[in-house]
Amino acid sequence: MLKLSHISTYLGYTVSIITFIFGAIVISGVAFQYVPNQLRITFGVVLMLWGIYRFVFTRIKVRQQNEKDEEE
């Protein structure tokens, strides 16, 4: 049976991957071509960093949950 914690974990990984990919798309210039280059690149880098942060945060949360489950 799929627990709520598993759903939030999958959602966290999915959001981080989508955010990272969208940041790469913005940096490459495929999206938002009408935005000035400096602003577009800055926005893309922020999205990619947020995607990495979200991935790491989700991974830490999973590890803590696993350690907690092992203690019980």
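Rundown of residues vs (1) among the small types (Gly, Ala, Ser); (2) in contact (Cβ under 8 Å) with a residue 12 or more places away in the chain; (3) out of contact with any helix residue (DSSP H, G or I) (no Cβ under 8 Å at 6 or more places or on another chain), yes/no style:
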| site | (1), (2), (3) |
| --- | --- |
| Ser8 | yes, no, yes |
| Val26 | no, yes, no |
| Phe32 | no, no, no |
| Thr42 | no, no, yes |
| Met48 | no, yes, no |
| Ile52 | no, yes, no |
| Arg59 | no, no, yes |
| Glu70 | no, no, yes |
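Of all the listed residues (Val26, Val62, Val15, Val45), the sole one being at negative phi and touching a Leu at 6+ places or on another chain (Cβ under 7 Å) is Val26.
Okay, residues lined up against (1) more than 9 Å from the chain's Cα centre (by Cα); (2) surrounded by 15 or more Cβ atoms within 10 Å (Cβ to Cβ); (3) modelled with pLDDT of 95 or more; (4) not in a helix (DSSP H, G or I):
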site: Met1; (1), (2), (3), (4): yes, no, no, yes
site: Ile7; (1), (2), (3), (4): yes, no, no, no
site: Tyr10; (1), (2), (3), (4): yes, no, no, no
site: Ile17; (1), (2), (3), (4): no, no, yes, no
site: Gln33; (1), (2), (3), (4): yes, no, no, yes
site: Leu47; (1), (2), (3), (4): no, yes, yes, no
site: Arg54; (1), (2), (3), (4): no, yes, yes, no
site: Gln64; (1), (2), (3), (4): yes, no, no, no
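If you go through the range 19-31 and keep only what is assigned to a helix (DSSP H, G or I) and either surrounded by 13 or more Cβ atoms within 10 Å (Cβ to Cβ) or of a type in the set (D, E, K, R) (or both), you end up with Thr19, Phe20, Ile21, Phe22, Gly23, Ala24, Ile25, Val26, Ile27.
The values are calculated or read from the model by the stated rules, or taken from the named source; none is laboratory data. Not measured: the values here are computed from a predicted model. Using ideal geometry, Cβ is built from the backbone for each residue, glycine included, and neighbour counts are taken over all protein chains shown.
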